[in-house]
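Here the structure is laid out as structure tokens; the discussion comes afterwards.
Coordinate-derived values only; no laboratory data. Bear in mind that the values here come from a model prediction, so they are computed numbers and not experimental data. As a convention, Cβ positions derive from the backbone with ideal geometry for all residues, glycine included, and neighbour counts pool all protein chains shown.
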Amino acid sequence: MEEEDTHNVETELEDDPHYNPPPEKSIDDILAADKEDASLQQYKATLLGSAAAGTGAVVVDENDPRKVIVKALALVVEGREDVTMDLTEDLSVIKTKKFVIKEGIKFRIRIDFIVQREIVHGLKYVQKTYRAGINVDKMTHMVGSYAPKLDLYSTLTPMEDAPSGMMKRGTYSVGSVFTDDDKTEHLKWEWSIEIKKDWD
């Protein structure tokens, strides 16, 4: 097995000069706007759930001040059970986690997360992959804007092809960040992928 590189993975976003995020609005601001439009108010109520019903801010974990709690990352391969990584563990523990992938297969990444307290705008998942300290791939997956609710949200990245061939087998370091339009890093973590000739 190739020894995993322990370099500092840099996962900063490269700004798109043509993109201007919308101004952030609180739930109260959104509910107060367009009160004369009954259909729009009903639509907001559907989106905002209990917050729109006046039952107060949705708080899933009182001890966690974040608006977004990233719960898990899963490897999704058609015909196989999803393999899940718990992202609520300590970052040093997560860094030791590894997904084993058969070379050449098609796979996706699923991220499970909770939104609480306030609406979050322009969520995005950024992933950089390194081998022997060299950046070999970068993916930016636009997730979207979400209202707080008690239920878990999930997002799936586009399909990817795992590297194939003897020279591509080995361990790849991955740096991931779940961020938003305000550049708030809701979670930034490191993990790894091992490409093998076949599944374990």
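Using a Förster distance of 30 Å, how high is the FRET efficiency between Ala57 and Glu185, based on the Cβ-Cβ distance and rounded to 0.05?
It comes to 0.85.
Testing the spin-label approximation: label points 7 Å from Cα along Cα→Cβ at Glu81 and Leu150. State their distance in nm.
Taking the two extended label points, one gets 2.9 nm.
Would you mind computing the Rg to Rh ratio of the stretch 117-178 from its alpha-carbon coordinates, Kirkwood style for Rh? Each step should come with its number before you reach the end.
Details: Rg = 15.5 Å, Rh = 14.0 Å.
That ratio equals 1.10.
Work out how much length Thr140 to Lys168 would gain on full extension: take 0.36 nm times their residue separation and subtract the Cα-Cα distance, in nm to one decimal.
7.8 nm
Please report the orientation-averaged projected area of the stretch 81-200, defined via the convex hull of its C-alpha atoms, in nm².
Spelled out: convex hull of the Cα atoms, projected over all directions, averaged, 8.1 nm².
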